[in-house]
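The values are calculated or read from the model by the stated rules, or taken from the named source; none is laboratory data. Just so it is clear, the model here is predicted, and its values are computed rather than measured. Reconstructed Cβ throughout: ideal geometry from the backbone, glycine too, with neighbour counts over all protein chains shown. Just so you know, the surface numbers come from the protein's heavy atoms only, side chains and all, with ligands and any DNA or RNA stripped out. Shrake-Rupley method; radii C 1.70, N 1.55, O 1.52, S 1.80 Å.
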Amino acid sequence: EKEGAADGSSRAVGGSTVLGIDLGSRRAYVRCTVHAPLLLTTTLCIGAEIAYAAWVYAYAAHHAEMRSDEAAYLSSLYWSAFVVGRLSATPLAAYFSPGSILVPSLALEVLSLLALALLPPSSNVMRAGTVGAGVGVSMLFSNILSLLARYGLLTTAMTGALGAFAAIGHMTVPSLAGAAIDRHGYAALMPLLCALNGVGLALLTAVVLHLRANFHADEGSGGAVPQGGRRLGGRSKRAEEARRIASEWSPSPRGNSALDGGSFSGEDWAEAGQGERQRLLGGASRRGSAPTTGTVVV
C-alpha cells in the first residue's frame, strides 16, 4: 500500500482492469493508462521537434526552393517561436489547466506541419508553418510534468523516465527522418513529422480525458481525489482533520477550547509541529477534555 501511495497508484479509480483485462494492481493500471502513453508521446513529439530543427534548412533550400540566406533564418525563427511559446505558457498556466494547454498547443503543431505538407511550398508558407510548429511544441514537456503533478502521479522515477524517453526521441527520430529523406526525398519529411505528432496528440488527448473522468484534481495541494473519495492532498487533508478535531472537542464558537482555552484554531493545529501537538494533547488530556489515544490522525 505504501508503494502504491508513493507513485500515485492508490489514487486510481476503477480497480486494475483495462478493456476487460486485469492488470493485477492499481500501480500497473496507472502505469499502463497514464505513464506509458505520456512517455511514448514525449519520445515521438520531442523527437519530431529536434528533427524539424535539424532538417528545416535543407528542406527549405531543396524542396521549397528558398534562397540559402533565407532558409538559414528558419532555424532561428523556429527556436525564437519556441521561446515565445514557452514564456507565454507561464501566464496561461494561471488561468488554464495543463490539459487545457497541452491539447490545443500540440494540435497547433500538427496543423502547422499538415499545412507545410499539403500547401505549395513557398517562403511565406515556410515561415508561418515554422512559427506555428515552434509555438505548438514549446509547451509540451513542462506541461506534461504539470499534468502529472496536478493529479498526484508525478514521481521521481517518472520524472527521470520522461527525460530518458525524450533523449531517445532526440537520438532516433532525426535519424528516422534522414532515412525517409534518402528513400523518398524531402517531400517525405513533413508528412512523417505530422504523423508522429498526430499519434502523440491522440495519446495525449486520451490521457487527459482519462484523468478528467477518473480523478479530481486537488487545486490546493496538487494531489488527486478519486471520485466519491475524500481529498488526498497533504495541507488540505491536515486542515480538514484539524477542523474536525476542533469541532468534536469543543462545541464553543470561540475555537478549540479543549486545546488551549479558545485561542488555538484548527488551522493553527494544522501548522503546528509534532512536538507542539503532543504538548497540547497532553495538556488537554490532563484537563480531562480529550482522550489520550485513538483520536488524532497526524
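For the pair Ala107 and Glu65, what calculated FRET efficiency results from E = 1/(1 + (r/R0)^6), where r is the Cβ-Cβ distance and R0 = 30 Å, to the nearest 0.05?
The calculated FRET efficiency here is 0.55.
Each label point is 7 Å from the Cα along the Cα-to-Cβ direction; what then is the distance between the points at Ser76 and Arg183, in nm?
3.6
Might you work out the accessible area of Arg127 for me, using a 1.4 Å probe with all protein chains in place, and round it to the nearest 10 Å²?
90
Contour minus end-to-end for His170 and Ala115, with contour as 0.36 nm per residue of separation and end-to-end as the Cα-Cα distance?
Contour length minus the Cα-Cα distance gives 17.4 nm.
Mind ranking Leu162, Leu108 by accessible surface for me, highest first, 1.4 Å probe?
Solvent-accessible surface, decreasing: Leu108, Leu162.
Roll a 1.4 angstrom probe over the protein heavy atoms and tell me the percent of accessible area of region 50-208 that is carbon or sulfur.
The nonpolar share, carbon plus sulfur, comes to 69 percent.
Note the full-extension length gain between Ala36 and Val199 as 0.36 nm times their separation in residues minus their Cα-Cα distance, in nm to one decimal. Mind dumping the intermediate values first?
Numbers: separation 163, 0.36 × 163 = 58.68 nm, distance 1.35 nm.
The Ala36-Val199 span can extend by a further 57.3 nm.
What are the ³J(HN,Hα) values, in whole Hz, obtained from phi via the Karplus relation 6.51 cos²θ - 1.76 cosθ + 1.60 with θ = phi - 60°, for each residue of region 159-168 in sequence order, with x given for Gly and Pro?
Coupling constants for region 159-168: 4, x, 5, 4, x, 5, 6, 5, 5, 4 Hz.
Under a 1.4 Å probe, what is the accessible area of region 87-175 per residue, stated in Å²?
Working: 3840 Å² over 89 residues.
I get 43 Å² per residue for region 87-175.
So, R0 is 30 Å and r is the distance between the beta-carbons of Phe96 and Val125; what FRET efficiency does that work out to, to 0.05?
0.50
Output ³J(HN,Hα) for region 27-36: one whole-Hz value per residue in order, computed from phi by the Karplus curve 6.51 cos²θ - 1.76 cosθ + 1.60 with θ = phi - 60°, and x for Gly and Pro.
4, 5, 4, 5, 4, 7, 9, 10, 5, 4
For Cα pairs less than 8 Å apart in space and 6+ apart in sequence, what is the mean separation divided by the residue count of region 76-158, i.e. the relative contact order in percent?
44
For region 66-163, what percent of Cα pairs sit more than 16 Å apart? It would help to have the intermediate numbers written out before the result.
On the way: 2857 of 4753 pairs.
The answer is 60 percent, as a whole percent.
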